[in-house]
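Student: I have a structure I would like to understand better, so I am pasting it below and will then ask my questions one at a time.
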Protein chains: 4
Amino acid sequence: MPDSSPTARRGWYNAFDLTKRSSYAFFTEESLRFADLDHNGHVNNVAFTIFFENSRVRFLTDILPLPRTKSMGFVLAHLSIDYRAQLYYPGNVSAATRVVEIRNSSVVLGQAIFRGDACVACGHAIMVVIDKQSGKGVPLPAELRVIVEEKLSS
Amino acid sequence: MPDSSPTARRGWYNAFDLTKRSSYAFFTEESLRFADLDHNGHVNNVAFTIFFENSRVRFLTDILPLPRTKSMGFVLAHLSIDYRAQLYYPGNVSAATRVVEIRNSSVVLGQAIFRGDACVACGHAIMVVIDKQSGKGVPLPAELRVIVEEKLSS
Amino acid sequence: MPDSSPTARRGWYNAFDLTKRSSYAFFTEESLRFADLDHNGHVNNVAFTIFFENSRVRFLTDILPLPRTKSMGFVLAHLSIDYRAQLYYPGNVSAATRVVEIRNSSVVLGQAIFRGDACVACGHAIMVVIDKQSGKGVPLPAELRVIVEEKLSS
Amino acid sequence: MPDSSPTARRGWYNAFDLTKRSSYAFFTEESLRFADLDHNGHVNNVAFTIFFENSRVRFLTDILPLPRTKSMGFVLAHLSIDYRAQLYYPGNVSAATRVVEIRNSSVVLGQAIFRGDACVACGHAIMVVIDKQSGKGVPLPAELRVIVEEKLSS
């Protein structure tokens with residue numbers, strides 16, 4: 001009998017190598033802008049968080065849609081990024097997102113930025129499902145959990 | 001005999017319809033980001049200036065390179081934008097740049113943002129050539145002027 | 001008999017010296033951020049448009065509030081900026097906004113950025129009053145026009 | 001005999017409550033901007049990383065200056081943020097930075113954003129000291145280590 005309790009999913013967190021393109025099925029393509037550069041002449045750390053955000057928003061909207069009948073939303077509770085290489089302008093990068101863990105009222109996403117096959121940054125984002133009225137976390141709705149579990153294991 | 005004095009070029013400014021794709025030969029492709037949206041849910045006016053800047057930087061670097069032997073740089077002296085239509089996320093836009101006028105120590109660029117063939121914004125940027133040591137405007141170097149005149153008439 | 005028709009207000013546009021602090025009664029205080037710098041090490045032209053926007057939003061919200069009973073909003077139709085001096089990090093600047101002209105369905109704002117008393121940039125923003133349903137420009141509501149005229153002449 | 005080896009300093013990481021103003025002696029004051037808002041009407045997660053960066057840059061420049069005689073620089077290797085509360089516009093926030101751990105070639109900073117005394121976000125940044133020529137991490141120079149150890153224990 002499969003154990004579908006949230007805690008049973010803990011531990012998947014480290015099961016994926018976030019630095020490999022092959023760990024992801026979802027990517028957004030991002031064009032670098034002159035405004036992404038900082039005083040030091042490379043793409044600034046803040047631009048990476050913007051790419052992470054954009055990929056995450058598209059992933060949540062397109063792949064993990066919340067039921068429209070319920071007044072729920074995702075909020076970002078935690079973000080971590082490992083900066084692995086300098087990124088230079090101009091050019092394009094891919095921003096990858098996947099599910100790496102399911103919790104009771106949140107989903108842990110793994111993310112990375114790739115230039116070609118080289119991972120220039122990777123990290124995690126914890127998205128909590130909240131009731132928009134109360135602003136408090138609520139359990140993942142059942143229909144969403146089904147999708148998330150499928151995405152976790154694919 | 002062609003008059004190549006700077007003042008002779010005044011008046012070209014309005015000779016181009018900046019809202020037509022066919023007025024341009026140079027474009028950058030820009031991917032919209034969630035961070036470009038503002039509180040009102042459309043792409044913010046600031047994002048347009050970022051696209052203008054990126055297209056301008058690529059144009060100046062790739063099409064109007066300053067002689068490397070001289071310590072010169074372009075600085076932005078004036079920017080104007082007409083906002084013509086709302087721009088919605090997600091998607092891509094093209095940012096177009098061309099020469100519209102030559103002055104003694106500056107070049108007037110015409111710019112626009114296109115979504116498909118629709119012009120959502122257009123405007124002008126006046127780029128002054130400065131001596132990097134003094135920070136003061138200097139006449140366009142002759143080799144640059146040749147290129148700018150060619151681009152103006154094409 | 002005073003002529004209060006919109007066209008009568010045309011021409012005020014150039015009546016104010018936008019480079020003087022004394023031309024303004026409304027300022028926002030803006031702290032510079034490392035992220036405002038560009039590759040060249042000075043505050044980027046885009047940051048100026050962000051300060052202009054912030055000052056404009058506070059001015060429109062606090063000084064020129066639209067009647068809440070009507071479904072109206074301001075949209076930016078035109079922005080122009082003259083860049084007058086380099087701006088260096090770190091520090092603070094003031095962003096000034098005032099009315100410089102009244103039109104039938106729009107208000108022309110004069111804006112500037114000051115570091116101390118030195119004007120590092122100035123320009124104009126044309127804000128059109130639209131009906132939020134149709135997205136089309138509508139005449140300034142009478143109660144707003146009264147306030148705008150008062151602000152124009154002060 | 002005091003153990004000053006880098007590993008001896010491991011473990012301090014969790015010795016500070018990053019959510020308390022009293023854990024910090026260094027703050028930058030940040031004015032919120034309309035451009036910091038996202039589609040949802042609150043200050044976007046990206047703006048928090050901009051405040052963290054600004055506070056970090058000032059802290060490193062003013063409190064932990066690298067010896068000018070050596071070609072060294074700090075680079076950001078890791079960033080993590082816990083988002084603890086919504087942040088609303090307009091207003092001001094304080095961005096706090098302190099040392100929380102010393103490693104062989106890096107310094108771990110603790111950071112937080114406060115609105116009044118309320119901590120709306122906190123996190124860590126790992127800054128690696130690199131040789132600018134090679135781009136590789138190098139041990140903290142002795143004179144810097146002395147300052148960092150003093151800041152760690154204060």
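Student: Go through the range D:111-134 and count every residue that is more than 11 Å from every other protein chain (Cβ to nearest Cβ) and either of a type in the set (G, A, S) or open to solvent by 30 Å² or more (accessible area, probe 1.4 Å) (or both).
Tutor: 8
Student: Which pairs turn up if I take residues in the range B:132-145 that are part of a loop (DSSP other than H, G, I, E, B) and look for partners that are polar (S, T, N, Q) with beta carbon separation below 7 Å, at least 6 apart in sequence or on another chain?
Tutor: B:K132/B:S71; B:Q133/B:S71; B:V138/B:S105; B:P139/B:N104; B:P139/B:S105; B:L140/B:S105
Student: Would you tally the residues in the range C:55-99 being of a type in the set (D, E) and either under 17 Å from D:L32 (Cβ atoms) or within 11 Å of the chain's Cα centre (by Cα) (or both)?
Tutor: Number of matching residues: 1.
Student: In the range B:55-112, what residues are among the charged types (D, E, K, R) and over 14 Å from B:R145 (Cβ atoms)? Write out each step before concluding.
Tutor: So in the range B:55-112, the residues among the charged types (D, E, K, R) come out as B:56, B:58, B:62, B:68, B:70, B:82, B:84, B:98, B:101, B:103.
Scanning the range B:55-112 gives B:R56, B:R58, B:D62, B:R68, B:D82, B:R84, B:R98.
Student: Kindly provide the set of residues from the range C:13-30 that are of a type in the set (S, T, N, Q) and either surrounded by 14 or more Cβ atoms within 10 Å (Cβ to Cβ) or at pLDDT below 95 (or both), ordered by number.
Tutor: C:N14, C:T19, C:S23, C:T28
Student: Something else now. I'd like to check something: does the range D:31-40 contain any residue that is touching a Ser or Thr at 6+ places or on another chain (Cβ under 6 Å), more than 20 Å from A:L79 (Cα to Cα) and modelled with pLDDT of 95 or more?
Tutor: yes
Student: If you take the residues in the range B:64-110 that are of a type in the set (F, W, Y) and over 16 Å from B:N54 (Cα atoms), which one is surrounded by the most Cβ atoms within 10 Å (Cβ to Cβ)?
Tutor: Initially, the range B:64-110 is screened for residues of a type in the set (F, W, Y), giving B:74, B:83, B:88-89.
Okay, now just the ones that are also over 16 Å from B:N54 (Cα atoms), so B:83, B:88-89.
Working: B:Y83: 20, B:Y88: 13, B:Y89: 18.
Ranking the candidates gives B:Y83 first.
Student: Those residues that are at the interface with another protein chain (Cβ under 9 Å from one of its Cβ atoms), open to solvent by 20 Å² or more (accessible area, probe 1.4 Å) and touching a residue at least 24 places away in the same chain (Cβ under 8 Å), I need them from the range C:46-63; list them, please.
Tutor: C:R58
Conditions (1) on the phi > 0 side of the Ramachandran plot; (2) at pLDDT 95 or above; (3) in contact with a strand residue (DSSP E or B) (Cβ under 8 Å, 6 or more places away or on another chain), marked per residue:
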site	(1), (2), (3)
D:T69	no, no, no
D:G91	yes, yes, yes
D:Q111	no, yes, yes
D:C119	no, yes, yes
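Student: Please enumerate the residues belonging to the range A:22-39 that are under 30 Å from B:S55 (Cα atoms) and more than 8 Å from every other protein chain (Cβ to nearest Cβ).
Tutor: Within the range A:22-39, A:F26, A:F27, A:L32, A:D36 meet the criteria.
Student: Could you tell me whether D:R10 is of a type outside the set (V, I, T), surrounded by fewer than 22 Cβ atoms within 10 Å (Cβ to Cβ) and at pLDDT 95 or above?
Tutor: On the way: of a type outside the set (V, I, T): yes; surrounded by fewer than 22 Cβ atoms within 10 Å (Cβ to Cβ): yes; at pLDDT 95 or above: no.
No, not satisfied.
Student: Moving to a separate point now. I'd like to verify a number: residues in the range B:64-110 that are away from chain C (no Cβ under 14 Å) and in a strand (DSSP E or B), how many?
Tutor: 12
The values are calculated or read from the model by the stated rules, or taken from the named source; none is laboratory data. This structure is a prediction, so every number in the text was calculated from the model and none was measured. Here Cβ is always computed from backbone atoms with ideal geometry, including for glycine, and neighbour counts include all displayed protein chains. The protein model used for the area step is the full one, side chains on, heavy atoms only, and it has no ligands, DNA or RNA in it. Shrake-Rupley method; radii C 1.70, N 1.55, O 1.52, S 1.80 Å.
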